[in-house]
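The values are calculated or read from the model by the stated rules, or taken from the named source; none is laboratory data. Fair warning: this is a prediction, and the values are worked out from it, not measured in the lab. Reconstructed Cβ throughout: ideal geometry from the backbone, glycine too, with neighbour counts over all protein chains shown. Each accessible area value is taken on the protein alone, full model and side chains, heavy atoms only, with ligands, DNA and RNA left out. Shrake-Rupley method; radii C 1.70, N 1.55, O 1.52, S 1.80 Å.
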Amino acid sequence: MATVSLTVNGQSVTADVDPRTLLVQFLRDNLRLTGTHVGCDTSQCGACVVHLNGEAVKSCTTLAVQADAGVVTTIEGLAQGGELHPMQAAFREHHGLQCGYCTPGMIMSAVDIVNRKGPDLDEQTIRAELEGNLCRCTGYHNIVKAVAAGAQAMAEAPLQQAAE
Amino acid sequence: MYAFDYHRPTSARQAADLASQFEDMKFLAGGHTLLPTMKMRLAGPTNLVDLGQIAELRGIERSGDTLSIGAMTKHAEVAHSADVRQAIPALAELAEVIGDPHVRNRGTMGGSVANNDPSADYPAACLALNATIVTDRREIAADDFFQGIFTTALDEGEIITRIAFPVPSQAAYAKFRNPASRYALVGVFVARFADGVRMAVTGAGSNGVFRMPEMEQALAQNFAPEALNGIAAPEDEMNSDIHADAAYRAHLVGVMTRRAVQAAASRS
């Protein structure tokens, strides 16, 4: 066993885990944060994307022990005080989902794109930056619209952005 | 994934000491090849030595005509580094088309080079730029380092610490990506130096990354796409699989080399 100490969505957690525990398993099975999904389990689909120390990573391809002493934000950590994060609200507003399976990863990637590239994102940039996230329902059109709108909304709500 | 014991040294020396104690061990760099391989149970090391907390293996330094990059530097760090962009922009551009953004936030240069996947991007850059692979024991020229598919000059327990790239006058990387895997179906890195031209091809060769001296000599005479007319990649040395047969890959080598030369030549 190995000891892992993390800050997840602002809360400190410590646990003894089998070293082969993936970060996504730790989040889902140990912490019951089931918003982070396992889609392909082969680093392709991006349903498992979380932020580790401020960077978007695939939690199915990261060991929990590799994240030791790190800061993790999952989809559950975005909403503040019962209010959806602007990116979550934009996905709802623009119907950026159908079955919803890829949505947590899409939103975590989208927030990361805005953190890196700012709020003014053209369609080409959004499509290129989402290449590590697969959606099998929508054809991406409404996801791209939602990301563009969510990015603008994040700029208008700086407090929520900083809260991450 | 099979069970293993996990170790997290904080210096290369500690990592080497740990490695020498275990018969069946693997170093863990970014983990974006090793962990999927372990999940598939194609690899099952009993000990994993994580290099992620070793500060001396990170960082990017420019010193004169050499750009030195720590083995644990992530693809995203290479892609966004002002030093890399200034010294060898082609290397930053290569890093920017590895995998996807999430992969680039975890995958490392040293991990990619040590693995020597026949479709990985960095081996082409190392070979074309005449890089030196620096380990905890010695310095290895790229020409001696890459020895065939998934095979390198590294000995058991030897750790890549840095990779030193001579800064070229002009360089470019042209990659034809497999749209599903993002690996190179064919990728060509071309580098022009004061004393000649080097190029290297990844993705195509049945024996891994390779140079084509005939193309290098022609480009040294005339650094332009038309210099390559009449020179073809040997079809019988190309990889052939469901994604592309050997003839197609051989053709693409010519196309991507011309594109790389064009892009490099247009750089001031």
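Shape verdict for region B:5-50, please, from the Cα gyration tensor: rounded (a/c under 1.5), prolate (a/b greater than b/c) or oblate.
oblate
Could you rank A:PHE91, B:PHE210 by how accessible they are, 1.4 Å probe, largest area first?
Putting A:PHE91, B:PHE210 in descending order of accessible area: B:PHE210, A:PHE91.
What FRET efficiency comes out for the pair A:ALA79/B:GLU61, r = Cβ-Cβ distance, R0 = 41 Å, nearest 0.05?
0.45
With springs only between Cα atoms under 10 Å, which of A:HIS85, A:HIS37, A:HIS94 fluctuates most in a Gaussian network model of chain A?
Of A:HIS85, A:HIS37, A:HIS94, the most mobile in the Gaussian network model is A:HIS94.
Report relative contact order for chain A in percent, whole number only (criteria: Cα-Cα under 8 Å, sequence separation at least 6).
So the answer I get is 24 percent.
If packing is taken as the average number of other Cβ atoms within 10 Å across a peptide's residues, how do B:162-175, A:2-15, B:130-143 rank, most packed first?
In decreasing order of mean packing, B:162-175, A:2-15, B:130-143 become B:162-175, B:130-143, A:2-15.
Of all GluC sites (Glu not before Pro) in region B:21-113, which ones are in loop regions per DSSP and have a Cβ with at most 11 other Cβ atoms within 10 Å?
Values: sites: B:GLU23, B:GLU56, B:GLU61, B:GLU77, B:GLU93, B:GLU96; in loops: B:GLU23.
Passing both the DSSP loop test and the Cβ count: B:GLU23.
When all protein chains stay in place, what accessible area (Å², nearest 10, 1.4 Å probe) is found for B:ARG192?
B:ARG192 exposes around 90 Å² with every protein chain in place.
Pairs B:LYS26/B:LYS175; A:LYS58/B:LYS39; A:LYS145/B:LYS175; A:LYS58/B:LYS175: which exceed 21 Å Cα-Cα?
B:LYS26/B:LYS175; A:LYS145/B:LYS175; A:LYS58/B:LYS175
Quick check: at a probe of 1.4 Å, how many percent of the accessible area of the protein assembly as shown sits on carbon and sulfur atoms? Present the calculation step by step, with values, prior to reporting the outcome.
Numbers: 8580 of 18250 Å².
Here it works out to 47 percent.
Which value, in Å², gives the accessible area per residue of the protein assembly as shown when a 1.4 Å probe is used on the protein heavy atoms?
That works out to 42 Å² per residue.
So if we plug the beta-carbon distance of B:THR151 and B:ASP5 into 1/(1 + (r/R0)^6) with R0 = 30 Å, what FRET efficiency do we get, rounded to 0.05? Before the final figure, lay out each step's value.
Working: r = 27 Å, r/R0 = 0.89.
Plugging the Cβ-Cβ distance into 1/(1 + (r/R0)^6) gives 0.65.
Can you pull out the buried accessible area for chains B and A, both sides counted, probe 1.4 Å, rounded to the nearest 100 Å²?
On the way: alone 12300 and 8220 Å², together 18250 Å².
Accessible area lost upon association: around 2300 Å².
Pull out a ≥ b ≥ c, the square roots of the eigenvalues of the alpha-carbon gyration tensor of region B:139-204, then state rounded if a/c is under 1.5, prolate if not and a/b is larger than b/c, and oblate in the remaining case.
Details: a/c = 2.17, a/b = 1.08, b/c = 2.01.
Oblate is the answer for region B:139-204, as a/c is 1.5 or above yet b/c matches or exceeds a/b.
In peptide A:34-40, how many Cβ atoms from other protein chains are near each Cβ within 10 Å, on average?
0
Taking Rh as the Kirkwood radius computed over C-alpha pairs, what is the Stokes-Einstein D of the protein assembly as shown at 37 °C in a medium of viscosity 0.692 mPa s, expressed in µm² per second? Each step should come with its number before you reach the end.
Working: Rh = 22.6 Å.
For the chosen part, D equals 145 µm²/s.
For chain A, report the % of Cα-Cα distances exceeding 29 Å.
For chain A, the share of Cα pairs beyond 29 Å comes to 15 percent.
At 10 °C and 1.306 mPa s, grab the translational diffusion coefficient of chain B from Stokes-Einstein with a Kirkwood Rh over Cα pairs, rounded to a whole number in µm² per second. Walk me through the numbers before you get to the answer.
Numbers: Rh = 18.7 Å.
Result for D is 85 µm²/s.
Counting partner chain Cβ atoms within 10 Å of every residue's Cβ in B:228-234, what's the average?
0
Tell me the net charge near A:ASP29. Cut-off is 13 Å between Cβ atoms, A:ASP29 excluded, with +1 for each Lys or Arg and -1 for each Asp or Glu.
+2
Just how far, in whole angstrom, is region A:68-144 from region B:183-209 if you go by their alpha carbon centroids?
37
Per residue of A:56-67, how many C-beta atoms from partner chains lie within 10 Å of its own C-beta, taken as a mean? If you can, show how the numbers build up before the last one.
On the way: counts 7, 8, 9, 1, 3, 12, 7, 10, 0, 7, 11, 1.
Mean shielding count: 6.
For the pair A:GLU123 and B:ALA232, how long in nm is the line joining their label points, each one 7 Å along Cα→Cβ?
Each label point is offset 7 Å from its Cα along the Cβ direction, giving 4.2 nm.
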